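The values are calculated or read from the model by the stated rules, or taken from the named source; none is laboratory data. Keep in mind that this is a model prediction, so the values were computed, not measured. Neighbour counts run over all protein chains shown; Cβ positions are idealised from the backbone, glycine included.
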2 protein chains.
Amino acid sequence: MRAGAARLGVEAMRERTCALVVIGNEILSGKVQDSNAWFAATELRKAGVALMRVVTIPDEIPTIAGEVAYCSKNFDFVLTSGGVGPTHDDVTMDGVAAAFNRMLIVHPVLEALIRKHFAGSVNKAGLKMATVPEGVILHEAGDIRFPTVQIENVYVLPGIPQLFEAKLAALITRFKTDPYYLRIIYTSATEGLIAEHLDACMIEFPALMLGSYPRIGSPEYRVKLTLESKDAEYLERAFRFLVGLLPADAVVKTE
Amino acid sequence: MRAGAARLGVEAMRERTCALVVIGNEILSGKVQDSNAWFAATELRKAGVALMRVVTIPDEIPTIAGEVAYCSKNFDFVLTSGGVGPTHDDVTMDGVAAAFNRMLIVHPVLEALIRKHFAGSVNKAGLKMATVPEGVILHEAGDIRFPTVQIENVYVLPGIPQLFEAKLAALITRFKTDPYYLRIIYTSATEGLIAEHLDACMIEFPALMLGSYPRIGSPEYRVKLTLESKDAEYLERAFRFLVGLLPADAVVKTE
């Protein structure tokens with residue numbers, strides 16, 4: 001779709017891509033249901049950012065390093081979630097450092113924050129919380145005392161949902177770009193009956209982001225069609241074109 | 001952890017690994033909250049399977065092909081979720097075919113099922129539902145009329161949660177292996193205060209799967225420690241060792 005957009009000359013709209021790397025055995029083993037991916041997906045979309053990849057991986061340094069390096073190269077920026085506490089299974093900083101071939105150091109600003117928090121007495125676990133790759137940038141994180149750590153285009157966020165959400169909310173204005181515009185068509189027809197009209201719409205409007213989502217057991221509609229573009233006028237033309245193709249009695253409502 | 005297990009000679013326990021590839025722009029763009037990853041994580045764990053990777057990617061053939069090929073090579077089996085309907089954005093079969101350099105064909109068994117369902121009259125969209133890579137294996141899917149398609153070690157499942165869950169439930173006995181045993185310790189201490197005991201436990205029991213999960217705002221406990229192994233006796237020894245290290249008044253309850 002993005003290639004199509006460029007061909008059509010709507011490339012003036014700024015496209016900004018992101019990946020999210022969720023780190024945590026607890027999620028892969030079904031002990032904890034992740035909610036950070038859903039939060040990030042909705043917030044990034046509101047900010048006009050294209051989330052292109054979400055990957056959940058174990059607490060393993062080489063796996064984290066490989067995935068972070070891949071995402072850093074292929075997307076404009078990367079968020080990580082989890083693995084930043086003081087215990088043995090918190091190895092995200094080790095993985096991110098390895099991704100960029102950087103040393104881990106005790107950061108003086110973070111160390112001072114931790115010493116203040118613990119009134120001077122800091123054990124090995126406390127110092128681990130201040131240990132980050134060399135050359136990071138620190139960002140204030142709203143109400144959260146501990147700043148957010150940035151290395152290259154990677155932002156390292158904690159996995160606890162309250163903290164992840166607060167820290168992402170504090171960062172989101174940095175990522176904001178041209179918005180997506182969205183129209184929705186709810187139809188009572190099945191996907192099999194409207195597929196040809198969707199194909200025709202994509203031929204006419206190749207840069208359109210068009211999604212078709214069937215729903216089982218809803219009395220209200222059978223398929224929800226989402227039409228999106230960063231070009232509001234292009235979107236309206238595509239919307240009118242598709243509504244014109246669909247059998248009139250199949251359109252339940254539009255938004 | 002798994003390398004540690006092998007070193008200690010508990011490699012007699014069968015380890016079986018899996019990856020889940022979730023395909024869908026609707027999830028990445030925050031329109032739909034995925035629940036299939038959580039369902040798969042819990043069901044696979046109960047079956048003794050190690051889910052090692054969950055990745056959510058767009059409806060793009062080369063991306064699907066690359067990710068499926070990677071997961072197929074690196075894990076014992078792979079599940080995909082989504083992208084198997086009759087519309088333009090359903091390209092999972094194309095991606096899986098490309099992953100294994102296979103042609104797409106109209107499968108006679110699937111075509112017959114679809115012709116039966118539509119009482120003989122089948123359009124292009126209907127035939128798309130019968131189009132799969134050459135050489136697939138079909139599995140009965142319980143109450144779901146449409147069989148599950150297997151290519152190499154990849155099982156292609158629909159994204160609609162009711163269908164994904166029913167199809168995975170019908171497959172799960174194929175994947176079942178030695179179970180995980182789990183003990184839990186809830187503590188009132190912070191992670192910073194118990195990190196050294198967790199380190200000591202991992203030195204003594206390197207094959208243990210030990211997780212430490214802080215919780216904010218719970219009056220009941222501060223950190224939940226999960227101890228797991230496929231060796232029940234090893235797990236009990238590690239559990240007793242760690243409980244012995246923790247300050248007695250820090251242990252709120254165990255399970």
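Can you tell me which residue in region B:197-213 is farthest from A:P158 (Cα to Cα), limited to those that are more than 7 Å from every other protein chain (Cβ to nearest Cβ) and of a type in the set (G, A, S)?
If we take residues in region B:197-213 being more than 7 Å from every other protein chain (Cβ to nearest Cβ) and of a type in the set (G, A, S), then B:A207 is farthest from A:P158 (Cα to Cα).
Mind checking which pairs have a first residue in region B:29-49 that is more than 8 Å from chain A (Cβ to nearest Cβ) and a second that is charged (D, E, K, R) and crowded, with 20+ Cβ neighbours inside 10 Å, Cβ under 8 Å, 6 or more apart or different chains?
Every condition considered, the pairs that remain are B:G48/B:K230.
Restricting attention to strands (runs of 3 or more DSSP E) lying wholly within region A:15-125, give those where 2 or more residues are buried (at least 20 other Cβ atoms within 10 Å of the Cβ). Let's see the steps before the verdict.
Details: elements: A:17-23, A:50-57, A:77-81, A:104-106.
Strands (runs of 3 or more DSSP E) meeting the threshold: A:17-23, A:50-57, A:77-81.
Could you list, in sequence order, all residues of region B:214-228 that are surrounded by fewer than 16 Cβ atoms within 10 Å (Cβ to Cβ) and more than 7 Å from chain A (Cβ to nearest Cβ)? Steps first, please.
Let us first name the residues in region B:214-228 that are surrounded by fewer than 16 Cβ atoms within 10 Å (Cβ to Cβ), namely B:215-220.
Once the filter is applied, which keeps residues that are surrounded by fewer than 16 Cβ atoms within 10 Å (Cβ to Cβ) and more than 7 Å from chain A (Cβ to nearest Cβ), region B:214-228 yields B:R215, B:G217, B:S218, B:P219, B:E220.
Please count how many residues of region B:116-127 are among the small types (G, A, S) and within 12 Å of another protein chain (Cβ to nearest Cβ). Even if it seems obvious, please write down each step before you answer.
Within region B:116-127, the first condition is being among the small types (G, A, S), and the residues that meet it are B:119-121, B:125-126.
With within 12 Å of another protein chain (Cβ to nearest Cβ) added as a condition, the list becomes B:121, B:125-126.
Number of matching residues: 3.
Determine if region B:128-138 includes at least one residue that is touching a Ser or Thr at 6+ places or on another chain (Cβ under 9 Å), within 14 Å of another protein chain (Cβ to nearest Cβ) and modelled with pLDDT under 95.
Within region B:128-138, one or more residues are touching a Ser or Thr at 6+ places or on another chain (Cβ under 9 Å), within 14 Å of another protein chain (Cβ to nearest Cβ) and modelled with pLDDT under 95.
So, of the residues in region B:193-202 that are surrounded by fewer than 21 Cβ atoms within 10 Å (Cβ to Cβ) and out of contact with any Leu (no Cβ under 7 Å at 6 or more places or on another chain), which turns out to be nearest to B:E236 (Cα to Cα)?
It comes out as B:D199.
Across region B:139-178, what is the number of residues that are within 20 Å of the chain's Cα centre (by Cα), of a type in the set (D, E) and within 14 Å of chain A (Cβ to nearest Cβ)?
1
Listed here are the residues, each with its yes/no results for (1) closer than 24 Å to A:A195 by Cα; (2) small (G, A, S); (3) under 17 Å from the mean Cα position of the chain (by Cα).
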position: B:A37; (1), (2), (3): no, yes, yes
position: B:A41; (1), (2), (3): no, yes, yes
position: B:K46; (1), (2), (3): no, no, yes
position: B:V54; (1), (2), (3): no, no, yes
position: B:I61; (1), (2), (3): yes, no, no
position: B:V68; (1), (2), (3): no, no, yes
position: B:S72; (1), (2), (3): no, yes, yes
position: B:D89; (1), (2), (3): yes, no, no
position: B:G95; (1), (2), (3): yes, yes, no
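Which of the residues belonging to region B:153-192 are of a type in the set (D, E) and surrounded by fewer than 18 Cβ atoms within 10 Å (Cβ to Cβ)?
Filtering region B:153-192 down to residues of a type in the set (D, E) leaves B:165, B:178, B:191.
Residues satisfying the conditions are B:E165, B:D178.
Considering only region B:213-255, how many residues are among the acidic types (D, E), closer than 24 Å to A:G83 by Cα and over 30 Å from the mean Cα position of the chain (by Cα)?
Here the count works out to 1.
Please find, within region B:179-196, the residue that is farthest from B:L245 (Cα to Cα) out of those that are at the interface with another protein chain (Cβ under 10 Å from one of its Cβ atoms) and out of contact with any Pro (no Cβ under 7 Å at 6 or more places or on another chain).
Kept after step one, since they are at the interface with another protein chain (Cβ under 10 Å from one of its Cβ atoms), are these residues of region B:179-196: B:180, B:182, B:184, B:190-196.
Cutting the leftovers down to out of contact with any Pro (no Cβ under 7 Å at 6 or more places or on another chain) gives us B:180, B:182, B:184, B:190, B:193-194, B:196.
Values: B:Y180: 24, B:L182: 19, B:I184: 15, B:T190: 15, B:L193: 12, B:I194: 9, B:E196: 10 Å.
Among them, the one singled out is B:Y180.
Can you find a residue that is touching a Leu at 6+ places or on another chain (Cβ under 6 Å) and within 7 Å of chain B (Cβ to nearest Cβ) anywhere in region A:76-86?
no
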